[in-house]
Structures are given as structure tokens and as C-alpha cells.
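**Student:** Can you keep this structure in mind? I'll have questions shortly.
The values are calculated or read from the model by the stated rules, or taken from the named source; none is laboratory data. Model, not experiment: these values are computed from the prediction. No Cβ is skipped: glycine too gets one built from the backbone with ideal geometry, and neighbour counts run over all protein chains shown. Calculation scope for accessible area: heavy atoms of the full protein, side chains included, ligands and nucleic acids excluded. Shrake-Rupley method; radii C 1.70, N 1.55, O 1.52, S 1.80 Å.
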Amino acid sequence: MWKSVVIEYFLIFTTIFCHCTAYGQEDDEGIYKGKYLGKLNAYHHQVSGDVYVVDEYTLLMTSFSYDGNGADTFFWAGTTNRPGPQGFIVADEWGKTNVLERYFNKEFTLTLPDKKKITDIKWFAIYDLSNQNTFGDIYVPEEFDPPRPQKISQLSKRSHEVSSEAIEILDAKTIRIPQFTYDGTGTAYFWVGVGPQPSSRGVKVPDDYGYLDPLRMYKNEDITIQLPGDMNVFGINWLSVYDLESKSNFGSVIVPEGLNVPPSLVKVTKYANTLPNCIQLHKNYQMGWEIFGPQITIQLTGQIDDDEYMAFGLSGSDEKSKMEGADVTIAYVDGARGFANDYSISAYAPCGKVLGQYKGVCKDELVGGQDNNQLHDSSRQDGITTVHYRRNLISSDPGDKEYPTNRSIYVVWALGKLDENKEPNFHSVYPKGDLKLQLQRVEPENSCMDFTNNDNSLREPWQKARIFDRSIRIFTATIGPSGGRKGYQGMTGQTSTGLAWYINGQLIPELYLRRGLTYSFRVQGGNNPHSTNLYHPFIITDEPHGGYDRLTDISQGKVRVLAGVEFTRRGRPRPTAVGPLCLSKHNGRDRRLDDDFPSFRKFNRTLIQVCEPGDAGILEVTPNSTWPDIVYYNSFTHANMGWKIHVVDAYTTSGAIILKLSWLSGLAIIFFRIL
């Protein structure tokens, strides 16, 4: 029996190996770098190296060396029969056309200028213009076919409404599926493997958002997926929408051999979890564990930024994965120090006091418990954060949950940003479905993979809104979703609680108020102080974050409250601008897809607004000469829900606003033209 299994896996391995080496043109390290053009012909000045063609416009130089002693030497290309003065300069790897300096065993890409293609040239050289001497060159063969994205067949239509247009292989790791449709009723995944047809022996591919959950419903959507780890298209024979529970192929496509596609620019970071069990929770997050005696050791590893955290723990329900009521660890690295703090989640809100008691995502120590996590070690290297900790299976803290060894248990996880106090804010990456784990295993389980990284930091935020109409004296303040990374976070550069103020229907607009005029805010942020996450009195202060009620007495003393708070005889703050809740919310749509919207206007059209009965709370303000030039509206209870108010001296008759800037001693004037 075991011999047949070994033979079967040997055949699978040899299929992958042959498929990769025959058609992928990998280098000695097994990395596909494009179509190999050849070695440089070396003549002078120790020129050497290999040349690959990445795509129609780009060359990859590997192991390139040049002693740098040429007088007037450049990368040079042309269309004549051999290198000569009739050519053109190719900018170096920095995009500069300076005389070449010394290179030793370097790897870099060069792009032909003016949208010239590889097929437009006959040779590439290291050429000295002063003495018209070629130090090294390589020729482009006639009929050379450079790598380019390739179209293959569409997904077969088998069941669950799976369909697509012709699939595009963009590069060695990236697959675009145009007009993808799937009804979302199964437990299917993107699934790849080798062999003549899809089978249960394959590998799960993260979806278009990096999740490894069962696929959501798609309706004629253009999506792009990325093969995990160091896998590329030369090592697979098919792509399928595959249901693992029923072992059913809902639709698939054959990936042809010999695809002449560009290499992937995705960075693959090798990483091996040190514990015997490991599960890939997301493309950017994995959890390893080991049970030994009365303790469980957990290793959380994530491809996260310096200001982000990893969360993992036991569900608040025995029947599903539920954040509310969960017992979780919040892990991160701050400088050289790691943290694995023990938290309890009593509500979907940052930790704060509700009628004198802490509610929300709070450290156990704040709610009468204790931190039972024992940090073992932590590190941050190559963008990968690792936190390694232990805890008892049965904790002495009655508020902690037990880690069972005799049954499966539902777990929860998330990735999110830390606020200015290193506390977890609303998570941006989290599972939509349930996740159940068997922690005590006879045989270890390891589904973890190397990390791949795309630079998604350049997401364009939504256009910032401004209200500087002299005729507007009344503002309506309601609550709505913060809009993901393009919304509150992208517009302000601050973390978000998941909710934000909508002023006159716009997401956190910058307001312009004139000194000496009276303005009225109609506040509908919730008037139930028992609600942890939906009680938001409106305040105006001189600091940008808000959440005045959650600050310590010392921190409150540093904040100037301009409106929305009065103080009792005992000196305790009490909000005055409180009104019934008027909440915009997602109409059954997955909040994790908020970044898909190109503008707030299109995002806002998908929301529904639900308002409680009752009259709005009224806050009247009259800015005067003592007000700073910039103040902030926010929530009394939660931080980071509002934004700026510009306080101006006058509106000009031409429609410009003149701002007096205190930080320039009142001498600088900026004109904002009203559109």
C-alpha cells in the first residue's frame, strides 16, 4: 500500500519538476526570471552577466559585472547590424543616463526608452561613446517572441453558475479572471494542481482579497488571484473552483504548458513556522501551535506593518466563530519589544467606560482578570512579524476560556491597526465564515506557506470633502461606516473605529466656520449610554483624536474642550450634545469590500440609513478670537471619528476664504478657491 502511495507522489513531483524546468526557464536557484536571451559577449573591462527578457520592454541583468573604468560608457542599444554610434542610451536601473560606474555581480532591470520594444532592436551593449568601443554585447534573434500576458480558455460551466470570459495569465504567479460568476452557495475555493483533471489533491489559492475562506458570491466581476508561496503557473495543469467537502469541480480551465509569460514581480519571503502544527489563516497571516503538558504554545506570524496587530483566540460562542465574548490575544512588536496581551471582547468597540464599567475590546486586567499569556520571544524581519507565547490550557482567570484537547473548538482571528496608544482599533482583515480547529492532533497539520507581498500601500484615498459655504449655518451630524482604507484612514492618516461622523451626508468633511457667527449642529449619534459602540455625543476640542471620556484625568487636563461638554460640581465631564441614533450601514454587503469603491459617493449609494425617533440634540457654537485656527469635531466616547474645523476671520467677496494661521504668527494667508 505504502509503495503505491510513494510512487504516486513521485509521479506528481516529477510532473511538476519537468513542467517547471522544461518551460519555465528557471535559473540555477529554481526561480523563473523571464525568457533567457543569453550570456553577454565579454570583450573588455571585465564585463560579464546573463540577460533575460522580462516583457516586451524590459531586460533583466543578472550576475552583471563591469569594472567602471570606461571613459564615456553607457548601456546602449540599436537597430544596426552590430553595435556602433548609431544607437541610443538605455537608462540604468535608477532611470538615469549617467556614465556607468562599477558593477559587481549585480541584478537589476532596464527598460527601453520611448516605449521601444525588444523586437525593435537587434543588439544590446555596454558601449563607450568616446572611443566607439564595445565592452560587451548580446544580440536579439530574429522572430524573437518576448514574454507577454497570455489568454487561455474560459472556465467550464459545470455547476453553481460558475462562468468567466477567457482567463488571462498576467505573469508567472498572477491570474486574471474576467467576468467571474459563482453563486456562493457551496464551500468552494480556488484550487490548483497537476494531473489531467481537477482532484482533491491540489493546493488552495487565496481569493482576490487574500482570504482562504470559502468563496463568496461573484456576479460578473473582474478579479485577480495570485498563486501562493513560490508556486508559479509552470507547476500547475489546471485551475478549478473546487468544493472540498463534496470533492466537486464546479468549473475549471486547463493551464497550457509552455506559456511565454513575464516573470512575477511579487516578492516571496521564505518562512518556516517552528511549531509542528500550522494553519494559514490569510495570505498574510498564519498561526502555529503545540500542546505539551498543561500548556499550549502559540506562534502568530503576520506580514503586517509596524503599526498593526495580530489577533487570535477562542470564539465567544460554542456554535460558531464569534468575536463578541471571545478570549483573544493581541500581538505586535513595538521597536525591539514584543507583546502578547490577553484581551476580552464584550462589544464591537474600542475599550471604554459605560456607566463606570469597561466594555468593548479590553485588556483582562481592566475587567477584573489577569494577563495569563507568557511571552516567549518575538521578532520583526523582512516585513514579517512573529510573536511566540504560552498559556495554560485551563487558566486561573475565570474570565478566560479553556483550550480543549478532546474536541474541536471555534476560533477567531483578525489583523488591524493600533491606535496612538498602542491599543487595537477596528480590524480590517478578518474571516467572514466559521473556523473550527482540532488543537490536540495525533498527526501534526501544516498548511502554511511562504509569504508573498504586493505593495498595496499606494491606494488612492477618496477625495476629501469640504464645506465652506457662507450660507450654511446648520449642520446635521449622523453616524456611518468609516469606509476602509480609502475612507477615514486614507483621508486622515489616522486609525479608525469602523464608524465615523457624516456631516450633511458627507464623510468627515472639513468645515469652515467664521468667528463671530453662530452655528448649530443637529446631533444624531445615539443617546443610549448603555450602548458600548452606538453612543456618540458630539464634541469640539483642540486635539485631533477625540474620545475625551476615555482619557485619564491628566490627559483630559491637556485638552481644551470648546463645545459639547459641561462639568459637574465634582469636576466630572458630562456631554451635552446627545441625540437619537441615525446610522448609515451596509445593506447586507461584505464590509471587507469597501475599498472597491472609487469614490465615497458611489460607496454611500450602497448604504441604508436607519434613524431612531426623537428630536436631534442641538449644539450651538459661536467661534471667537480665543479659538485656534484649527479645531476638531469628534465623539465624546470613542476616538478617531471626526476631523477638522477651520476657524476663519472672514469670507472674501470673491468666494475665497482667508485663513489666519497661528503657527506662522498670523502672517501667512492661504486662499482656498470655492469650486
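**Student:** Filter the range 41-98 down to the residues that are of a type in the set (Asp, Glu) and assigned to a strand (DSSP E or B) and list them by number. Spell out the reasoning first.
**Tutor:** The first filter runs over the range 41-98 and keeps only residues of a type in the set (Asp, Glu), leaving 50, 55-56, 67, 72, 92-93.
Matches in the range 41-98: Asp50 only.
**Student:** Can Arg466 be described as touching a Ser or Thr at 6+ places or on another chain (Cβ under 8 Å), surrounded by fewer than 22 Cβ atoms within 10 Å (Cβ to Cβ), basic (Lys, Arg) and modelled with pLDDT of 90 or more?
**Tutor:** Taking the combined requirement at face value, the residue does not satisfy it.
**Student:** Scanning the range 210-231 for residues that are within 11 Å of Thr181 (Cα to Cα) and among the charged types (D, E, K, R), which turns out most open to solvent (accessible area, probe 1.4 Å)?
**Tutor:** Going through the qualifying residues, I end up with Lys219.
**Student:** Which pairs do you get when a residue that is closer than 12 Å to Tyr285 by Cα, found in the range 449-464, comes within reach of a residue that is modelled with pLDDT of 90 or more and outside any loop (DSSP other than H, G, I, E, B), reach meaning Cβ atoms under 6 angstrom, with the pair 6+ apart or on two chains?
**Tutor:** Met449/Gln280
**Student:** Residues being of a type in the set (Lys, Arg) and assigned to a loop (DSSP other than H, G, I, E, B): count how many of those fall in the range 125-178.
**Tutor:** If we filter the range 125-178 for residues that are of a type in the set (Lys, Arg), which is where we start, we get 148, 151, 157-158, 173, 176.
Then keep just the ones that are assigned to a loop (DSSP other than H, G, I, E, B); that gives 148, 157-158, 173.
The total comes to 4.
**Student:** Would the range 314-333 turn up any residue that is within 24 Å of the chain's Cα centre (by Cα) and over 30 Å from His536 (Cα atoms)?
**Tutor:** yes
**Student:** Examine the range 598-605 for a residue that is aromatic (Phe, Trp, Tyr), in a strand (DSSP E or B) and surrounded by 14 or more Cβ atoms within 10 Å (Cβ to Cβ), and state whether such a residue exists. Reasoning before the result, please.
**Tutor:** Within the range 598-605, the subset aromatic (Phe, Trp, Tyr) is 600, 603.
Retained after the next criterion (residues that are in a strand (DSSP E or B)): none.
No, the range 598-605 contains no residue that is aromatic (Phe, Trp, Tyr), in a strand (DSSP E or B) and surrounded by 14 or more Cβ atoms within 10 Å (Cβ to Cβ).
**Student:** A follow-up question, please. Out of the residues in the range 237-268 that are in contact with a Phe, Trp or Tyr (Cβ under 8 Å, 6 or more places away or on another chain) and over 19 Å from Glu168 (Cα atoms), state the one that is surrounded by the most Cβ atoms within 10 Å (Cβ to Cβ).
**Tutor:** Tyr242
**Student:** Now for a separate question. Which of the numbered conditions does Thr637 fail, given that it passes all the others? Conditions: (1) without any contact (Cβ under 8 Å) to a residue 40 or more places away in the chain; (2) of a type in the set (Ser, Thr, Tyr); (3) touching an Asp or Glu at 6+ places or on another chain (Cβ under 6 Å).
**Tutor:** So the condition that Thr637 fails would be (1).
**Student:** Same structure again: Just checking, which of Trp94, Trp76 is open to solvent by 20 Å² or more (accessible area, probe 1.4 Å) and hydrophobic (A, V, I, L, M, F, W, C)? Write out each step before concluding.
**Tutor:** On the way: Trp76 fails: open to solvent by 20 Å² or more (accessible area, probe 1.4 Å).
Checking each option against the conditions leaves just Trp94.
**Student:** Can you list the strands (runs of 3 or more DSSP E) found entirely within the range 326-430 that contain at least 3 residues being on the phi < 0 side of the Ramachandran plot and modelled with pLDDT of 90 or more?
**Tutor:** Working: elements: 327-334, 337-345, 352-354, 357-359, 361-363, 374-381, 384-392, 408-418, 424-429.
Here the list reads 327-334, 337-345, 361-363, 374-381, 384-392, 408-418.
For every residue, the table says whether it meets (1) basic (Lys, Arg); (2) under 21 Å from the mean Cα position of the chain (by Cα); (3) modelled with pLDDT of 95 or more; (4) assigned to a loop (DSSP other than H, G, I, E, B).
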{"position": "Pro228", "(1), (2), (3), (4)": "no, yes, no, yes"}
{"position": "Val241", "(1), (2), (3), (4)": "no, no, yes, no"}
{"position": "Glu245", "(1), (2), (3), (4)": "no, no, no, yes"}
{"position": "Phe250", "(1), (2), (3), (4)": "no, no, yes, no"}
{"position": "Val253", "(1), (2), (3), (4)": "no, no, yes, no"}
{"position": "Gly258", "(1), (2), (3), (4)": "no, no, no, yes"}
{"position": "Leu265", "(1), (2), (3), (4)": "no, yes, no, yes"}
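**Student:** Taking the range 169-209 as the search range and keeping residues that are open to solvent by 30 Å² or more (accessible area, probe 1.4 Å) and of a type in the set (S, T, N, Q), which one is nearest to Val54 (Cα to Cα)?
**Tutor:** Out of the qualifying residues, it is Gln179.
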